[in-house]
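The values are calculated or read from the model by the stated rules, or taken from the named source; none is laboratory data. Everything numeric here is computed off the predicted structure, so don't read it as measured data. Don't worry about glycine lacking a Cβ; one is built from the backbone with ideal geometry, like all the others, and counts go over all protein chains shown.
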Amino acid sequence: MIQTGWVAVKREHRAYSGPESLRIPTIMASKNWTEWMPVTAYIIEHPEGIIAVDTGETAKTADPDYAACDSVTGFFYSHNLQFSVTQADEIGTQLASLSITQERVGKVVMTHLHSDHMGGMSAFPNAQFLISDAARAGHAGALMCRVPAGINFGSVSYSERPIGVFSSSMPLTEDGSISLIPTPGHAIGHQSVLIEDDGKSICIVGDAAFSLDQIQSGEIGGIVESHTDAVRSARLLKDQYEAFGTIMLPAHDPENASRLSSG
């Protein structure tokens with residue numbers, strides 16, 4: 001796990017249970033902020049190569065124009081999210097401290113293209129990026145203007161390949177130990193990564209949930225593009241956790257580090 005700074009959002013952004021039509025207006029009107037939450041990305045070392053999952057945030061968010069790919073997106077970011085990120089926090093800098101050269105990372109899985117997940121994409125100029133077709137087409141809050149030019153996009157295609165409680169998946173390694181699983185809802189085309197290793201399983205959740213507590217309770221976040229899909233993804237994650245004891249790693253859960261070390 002690599003923590004690339006901190007983010008705070010409106011409390012109703014993290015969890016909302018009111019009428020669907022009032023989701024965004026409620027978040028926009030709120031004056032209640034969450035505590036600072038970690039922004040995490042992940043490096044998986046596998047005999048077939050190194051895989052990154054998400055790229056975290058960039059210190060460029062300090063520039064008020066950074067998120068202004070369009071007027072609506074820029075306005076939402078500036079009024080509803082707060083970031084604390086230094087250059088030392090960025091994934092490229094941290095990889096160097098771990099003695100992992102950027103060239104060794106062959107694949108980068110993007111759960112989706114919100115700023116705090118794609119801010120470090122430029123740190124991997126030689127990698128193949130695995131982004132679902134739906135996410136690549138753009139989704140609410142995606143910073144499409146910040147996707148680096150010349151990105152090598154790999155094909156994402158889910159098949160009827162059951163893994164855990166999920167009926168479809170896409171293997172990322174020939175041995176099948178690392179797989180992409182569809183977890184849409186928070187964003188169109190949102191995806192997660194399921195790892196099976198030595199009798200245990202780990203799920204890098206992205207923003208399909210904000211915390212393990214949220215997965216266990218079935219609580220749904222306030223920022224969702226499809227409430228129906230979000231509910232279904234949350235149910236599948238809960239079923240996976242309960243049936244297999246899978247270590248769940250939502251991108252902003254402060255307990256991730258201790259969960260990984262104890263697991």
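Tabulated results
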{"item": "Matching residues, the range 168-197, being in contact with an Asp or Glu (Cβ under 7 Å, 6 or more places away or on another chain) and without any contact (Cβ under 8 Å) to a residue 40 or more places away in the chain", "result": "SER168"}
{"item": "Output for the range 106-139, where each listed residue is outside any loop (DSSP other than H, G, I, E, B), more than 18 Å from GLY185 (Cβ to Cβ) and over 11 Å from the mean Cα position of the chain (by Cα)", "result": "GLY106, LYS107, VAL108, MET121, SER122, ALA123, GLN128, PHE129, LEU130"}
{"item": "Sole exception among (1) under 25 Å from VAL224 (Cβ atoms); (2) free of Cβ contacts under 8 Å to residues at least 60 places away in the same chain for SER97, by number", "result": "(1)"}
{"item": "From the options ILE100, ILE151, ILE131, ILE178, residue that is surrounded by 15 or more Cβ atoms within 10 Å (Cβ to Cβ), out of contact with any His (no Cβ under 7 Å at 6 or more places or on another chain) and closer than 30 Å to SER262 by Cβ", "result": "ILE100"}
{"item": "Subset of the range 57-81 [crowded, with 16+ Cβ neighbours inside 10 Å and either more than 18 Å from HIS112 (Cβ to Cβ) or among the aliphatic types (A, V, I, L, M) (or both)]", "result": "ALA59, LYS60, ALA67, ALA68, GLY74, LEU81"}
{"item": "Failed item, numbered, when GLY141 is tested on (1) in contact with a strand residue (DSSP E or B) (Cβ under 7 Å, 6 or more places away or on another chain); (2) at negative phi; (3) surrounded by 12 or more Cβ atoms within 10 Å (Cβ to Cβ)", "result": "(2)"}
{"item": "Set ASP54, ASP89, ASP116: member being charged (D, E, K, R), in contact with a helix residue (DSSP H, G or I) (Cβ under 6 Å, 6 or more places away or on another chain) and surrounded by 18 or more Cβ atoms within 10 Å (Cβ to Cβ)", "result": "ASP54"}
{"item": "Considering residues of the range 37-51 that are farther than 16 Å from ASN256 by Cβ and touching a strand residue (DSSP E or B) at 6+ places or on another chain (Cβ under 9 Å) only, the residue surrounded by the most Cβ atoms within 10 Å (Cβ to Cβ)", "result": "ILE51"}
{"item": "Matching residues, the range 60-76, being in contact with a Ser or Thr (Cβ under 7 Å, 6 or more places away or on another chain) and either at pLDDT 95 or above or closer than 16 Å to HIS13 by Cα (or both)", "result": "THR61, ALA67"}
{"item": "Filter result for GLY56 (of a type outside the set (A, V, I, L, M), in a loop (DSSP other than H, G, I, E, B) and within 30 Å of ASP198 (Cβ to Cβ))", "result": "yes"}
{"item": "Selected residue (criterion: farthest from the chain's Cα centre (by Cα)) from residues of the range 18-53 that are part of a helix (DSSP H, G or I) and closer than 24 Å to GLY119 by Cβ", "result": "MET28"}
{"item": "ILE131 being among the hydrophobic types (A, V, I, L, M, F, W, C) and either touching a Cys at 6+ places or on another chain (Cβ under 8 Å) or modelled with pLDDT of 95 or more (or both)", "result": "yes"}
{"item": "Identity of the residue in the range 161-175, hydrophobic (A, V, I, L, M, F, W, C) and not in a strand (DSSP E or B), that ends up surrounded by the most Cβ atoms within 10 Å (Cβ to Cβ)", "result": "LEU172"}
{"item": "Residue within the range 234-249 that is within 15 Å of the chain's Cα centre (by Cα) and within 30 Å of PHE75 (Cβ to Cβ) present", "result": "yes"}
{"item": "Residues being surrounded by fewer than 15 Cβ atoms within 10 Å (Cβ to Cβ), over 29 Å from TRP33 (Cβ atoms) and not polar (S, T, N, Q) - total across the range 240-263", "result": "4"}
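Matching residues to (1) more than 13 Å from GLY164 (Cα to Cα); (2) surrounded by 22 or more Cβ atoms within 10 Å (Cβ to Cβ):
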site	(1), (2)
THR183	yes, yes
GLY199	no, no
CYS203	no, yes
LEU212	yes, no
GLN216	yes, no
HIS227	yes, no
ALA230	yes, yes
